[in-house]
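Once you've had a glance at the structure underneath, I'll fire off some questions.
Just so it is clear, none of the values below were taken in a lab; they were calculated from the coordinates. Being a predicted model, the structure only gives us computed values, none of them experimental. Don't worry about glycine lacking a Cβ; one is built from the backbone with ideal geometry, like all the others, and counts go over all protein chains shown.
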Amino acid sequence: MSDSLLRVDEVSKWYGDEKVLTDVSFDMDRGDVTVLIGPSGSGKSTMLRCVNRLTEAQEGDIYLDGECVTDPEMDVNRLRREVGMVFQDFNLFAHLTALENVALGPQRVLGLSKDEARARAREQLEQVGLADQLDSYPAELSGGQQQRVGIARALAMEPKLLLFDEPTSALDPELVGEVLTVMRDLVDEGMTMLVVTHEMSFARSVASNMLFLDKGQVVERGPPEQLFDAPEHDRTKAFLRRLT
Ligand code: ADP
Ligand code: MG
């Protein structure tokens, strides 16, 4: 079996007349952590959303585990079971407890019994350190706890790939660490993750590969040491300079 899990092949996308992705290509093997960086509006979220078909690329193809996900015949519901997503603003159901938020997908989508789904949800919430908050509603949780519920919810579907779209950007600075710790644990467990983040020290420590996107194009790519310590392109240098 090949280790290749995701292949993004010459993807281009337009919103109306605006071209927001131009010939983006990259590959991920199982267990890889690819970090996408770039200025606001450079197409990072759009790239992630093309992978689980929350939006459609007009050109190019994306393959997950050998299967063409951009094929119009692709079962999008199955795709979204296999590709989990963690959002900047958590996207939890306010009227459901942490446990219910996490159990919902396994029960409704995977067809587990209510008890099985709740058992799985409990396990996932324990894994993200929320064993004592199972019955809390989102409004009773801190942002960091809510995001950990968001991660548990994605994990409960046992995805092949996890997408993270700026998972810590909405958090107060003192809550960022607990979310990054959970993400680091997932990396250690071998989860394949495609991550958009501005947390550069996190990126440096976990990324197997990084992509710098500007105006919808991959301007530079490489292992974090190369991208951070020896960027080749002026646009990458300027972007990194602005962050420090
Ligand atoms: P990033 O995540 O890097 O900030 P996005 O992928 O959100 O960038 O956006 C890339 C470009 O696409 C931006 O110019 C943005 O305004 C545009 N865009 C994003 N989503 C939509 C949409 N639903 N409709 C129209 N334009 C969009
Ligand atoms: Mg974005």
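Exactly one condition in (1) loosely packed, with under 14 Cβ neighbours inside 10 Å; (2) free of Cβ contacts under 8 Å to residues at least 40 places away in the same chain is false for MET74; which is it?
(1)
Under 6 Å between Cβ atoms, which residue pairs at least 6 apart in sequence (or on different chains) link something in the range 107-134 that is among the charged types (D, E, K, R) with a partner that is not in a helix (DSSP H, G or I)?
That search, which allows pairs on different chains as well, returns ARG120/ALA156.
Could you list all residues from the range 77-90 that are surrounded by fewer than 20 Cβ atoms within 10 Å (Cβ to Cβ), within 30 Å of GLU10 (Cβ to Cβ) and not aliphatic (A, V, I, L, M)? Break it down into steps so the answer makes sense when it comes.
Initial filter on the range 77-90 (surrounded by fewer than 20 Cβ atoms within 10 Å (Cβ to Cβ)): 77-82, 87-89.
With the extra rule that they be within 30 Å of GLU10 (Cβ to Cβ), the set shrinks to 77-82, 87-88.
Residues satisfying the conditions are ASN77, ARG78, ARG80, ARG81, GLU82, PHE87, GLN88.
Sticking with this one: Can you confirm whether the range 79-86 contains a residue that is within 16 Å of ligand 2 (Cβ to nearest atom) and in contact (Cβ under 8 Å) with a residue 12 or more places away in the chain? So that I can check it myself, show each step before the final result.
Looking only at the range 79-86, we keep the residues that are within 16 Å of ligand 2 (Cβ to nearest atom), and these are 85-86.
Remaining after also requiring in contact (Cβ under 8 Å) with a residue 12 or more places away in the chain: 85-86.
For the range 79-86, residues within 16 Å of ligand 2 (Cβ to nearest atom) and in contact (Cβ under 8 Å) with a residue 12 or more places away in the chain: present.
Kindly indicate which of GLY111, GLY129 is out of contact with any helix residue (DSSP H, G or I) (no Cβ under 7 Å at 6 or more places or on another chain), small (Gly, Ala, Ser), part of a loop (DSSP other than H, G, I, E, B) and over 25 Å from LYS44 (Cβ atoms).
After ruling out the rest, the residue left standing is GLY111.
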